[in-house]
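A.B. asks: My questions will all concern the structure given below.
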Amino acid sequence: MDAFVIHGGKRLRGRVRINGSKNACLPLLAAALLTDDAVTLHDVPDLSDIGNMNRLLESLGCTLAKGKDPATKTLRITVTNPEPIEAHYDIVRTMRASICVLGPMLAKRGRARVSMPGGCNIGDRPVDLHLRGLRALGAQIHNEGGYIVAEAPGGKLKGGRVFLGGPFGSTVLGTDNVMSAAVLAEGTTIIESAACEPEVEDLANMLNAMGAKITGAGSPRITIEGVEKLRGADYTVMADRIEAGTYIMAAAITNGDVVLENFPTDTLTAVMDRLEEVGIGVESILPDGSKNPAPGDRMRDVVRVFSARRLESVQVVTQPYPGFPTDLQAQLTALLCLADGNSIITEKIFPDRFMHVAELLRMNANIMRTGTSAMVSGVKRLEGAQVMASDLRASAGLVIAGLGAKGTTTINRVYHLDRGYEKMELTLQALGAEIERVNLPAT
Ligand code: EPU
């Protein structure tokens with residue numbers, strides 16, 4: 001089993017290009033099921049979750065072809081057999097996001113059998129809101145032997161009013177599912193309490209490029225006028241805001257100085273707000289080399305990140321977008337281990353998403369968890385140790401801790417990281433980190 005071995009303490013310096021977003025790309029891939037034409041996506045990240053989604057699409061009758069130029073990371077998806085309707089347990093159990101084929105299948109094929117995704121290390125993760133939303137469009141849904149079995153009466157969904165608010169806010173993939181289903185429904189659908197995440201907007205943009213009529217994506221009310229048919233599209237996946245945030249924190253814990261290209265500035269306002277308070281500087285670099293654009297200037301996709309020697313403590317609450325994202329909570333927790341004073345982190349999306357805390361304690365962190373909050377008291381130094389990755393973002397937090405720690409950190413089970421970070425060890429090596437991938441006997 002692969003592990004990372006990190007010799008901490010090296011300052012990160014250099015340039016990194018942020019990849020296409022995993023969480024945007026997965027529903028974009030699923031949306032290819034909505035048309036008989038080819039959908040061509042650019043900047044598709046090379047990740048195991050994307051590989052799993054590709055396998056799922058193949059099992060659902062799609063033919064996939066990679067572009068000739070590896071630099072553009074192009075993938076062309078064409079439905080060549082519209083018959084299959086089953087997303088099998090063997091694939092769904094490897095990736096929860098498989099659920100986003102449900103809406104497209106129901107809308108285009110009139111029927112779907114999708115294995116019920118289980119919980120995972122960050123919580124129970126129910127799909128009741130997805131199902132409630134699809135039922136509001138007329139779908140008949142029942143559970144059969146661990147599968148969600150869904151049917152559109154007469155093969156066609158009907159527009160309706162859908163409310164997607166739940167106990168922890170809206171649902172991102174649920175909004176994607178209902179929106180993708182509504183584009184081919186008869187009549188108009190209004191989604192209230194829709195997720196406002198930029199990845200939802202990215203999906204709406206691609207669906208509109210395919211001929212859909214969606215307005216309001218990115219706000220809590222999305223209106224979709226159903227159309228008869230969608231055509232293909234040629235679309236570039238948005239940059240990964242979580243990968244960008246992770247590399248900012250990796251740079252900061254090493255007191256580094258790093259330039260990030262393809263940086264999704266507009267999607268990271270809450271993150272930058274908190275990080276500035278921690279003492280991290282982010283300065284935009286314009287194409288002509290000048291810095292700090294005038295207000296309103298949107299040419300801000302290249303930024304330089306640098307940090308003060310002393311990091312300050314901060315209070316952070318994770319929230320649905322545009323709040324601080326839960327997917328950067330573990331990384332921030334790791335960074336704050338070396339800040340002065342006491343920081344408080346409250347998790348409002350996945351209340352149990354604290355698996356990284358016990359591992360950070362093994363590295364000399366001082367963290368006290370109570371309920372859905374953790375108090376991180378800064379320590380003078382983190383110590384390298386053997387630690388275990390438990391989920392994708394927790395693993396990223398451990399890498400950040402390892403980069404800032406004294407001595408050697410071995411992170412086991414990095415297959416979790418490979419789900420969402422493309423060749424992370426090579427990116428960090430290029431920035432000067434001492435990190436390598438090794439193969440260790442399974443633990
Ligand atoms: N929820 C319900 N019922 C539902 C759906 C969700 O109660 O039917 C609850 C969840 O349990 C959670 C909250 O609502 O407490 C938000 O969950 P959401 O449905 O928004 O999560 P998701 O769409 O399944 C996506 C990302 C996650 C990210 C969350 C929140 C993808 C593929 N996954 O998941 O990303 O944490 O939104 O922003 O887009 C990750 O990349 O590491 C990751 C876990």
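A.B. asks: Name the long-range amide H neighbours of Q315: under 5 Å, sequence gap of 5 or more, or other chain; modelled H, no Pro or chain starts.
C.D. replies: I344
A.B. asks: With all protein chains present, how much of the accessible area of the chain (probe radius 1.4 Å) comes from carbon and sulfur, to the nearest whole percent?
C.D. replies: Carbon with sulfur: 50 percent of the solvent-accessible area.
A.B. asks: Tell me the net charge near H142. Cut-off is 13 Å between Cβ atoms, H142 excluded, with +1 for each Lys or Arg and -1 for each Asp or Glu. Don't jump to the answer; show the numbers that get you there.
C.D. replies: Details: positive: R111, R113, R135; negative: E144, E151.
Once all neighbours under 13 Å are counted, the net charge is +1.
A.B. asks: Give the value in nm², to one decimal: projected area of the alpha carbon convex hull of region 22-236, averaged over all directions.
C.D. replies: Reported value for the Cα convex hull: 10.5 nm².
A.B. asks: Would you mind getting me the FRET efficiency between R310 and K68? Use the beta-carbon distance for r and R0 = 56 Å, nearest 0.05. Numbers along the way, then the final one.
C.D. replies: Numbers: r = 50 Å, r/R0 = 0.89.
My answer for the efficiency is 0.65.
A.B. asks: Sorted by average packing, counted as other Cβ atoms within 10 angstrom per residue and highest first, what order do 24-31, 305-312 take? Before the final figure, lay out the partial values.
C.D. replies: Numbers: 24-31: 28.2, 305-312: 17.0.
Final packing ranking: 24-31, 305-312.
A.B. asks: Let me ask something else about it. Please calculate how many Å² of accessible area the chain carries per residue, with a 1.4 Å probe and no DNA, RNA or ligand atoms counted.
C.D. replies: Working: 17550 Å² over 443 residues.
Solvent-accessible surface per residue comes out at 40 Å².
A.B. asks: A further question on this structure: Could you calculate the contour length gain from D266 to R93, that is, 0.36 nm times the residue separation minus the distance between their Cα atoms, to one decimal place in nm?
C.D. replies: Stretched fully, the D266-R93 segment lengthens by 58.9 nm.
A.B. asks: Distance between Cα centroids, region 157-187 to region 15-57: provide it in whole Å.
C.D. replies: Result: 21 Å between the Cα centres.
A.B. asks: Between region 299-341 and region 225-249, what is the separation of their alpha carbon centroids in Å?
C.D. replies: Here the two parts' Cα centres lie 24 Å apart.
A.B. asks: Let me ask something else about it. What ratio of Cα Rg to 2.2 N^0.38 Å holds for the chain? Write down the numbers at each step before the final one.
C.D. replies: On the way: Rg = 21.7 Å, N = 443, 2.2 N^0.38 = 22.3 Å.
The reported ratio for this selection is 0.98.
A.B. asks: Now a separate question. Where the centroid of each part is defined by its Cα atoms, how far is region 106-151 from region 269-283 in Å?
C.D. replies: With region 106-151 and region 269-283 each reduced to a Cα centre, they are spaced 39 Å.
A.B. asks: Okay, moving on. Quote the charge dipole size of the chain about the Cα centre in Debye, to the nearest 20; the model charges only the Cβ of Lys and Arg (+1) and of Asp and Glu (-1). All intermediate terms of the calculation are to be shown ahead of the outcome.
C.D. replies: Numbers: 47 positive and 50 negative charges, 75 e Å.
Magnitude of the dipole: close to 360 debye.
The values are calculated or read from the model by the stated rules, or taken from the named source; none is laboratory data. Predicted model, so just to flag it, every value in this text is computed and none were measured. Note: ideal-geometry Cβ built from the backbone for every residue, glycine included; neighbour counts use all protein chains shown. Heads up: the accessible areas ignore ligands, DNA and RNA and are worked out on the full protein's heavy atoms, side chains in. Shrake-Rupley method; radii C 1.70, N 1.55, O 1.52, S 1.80 Å.
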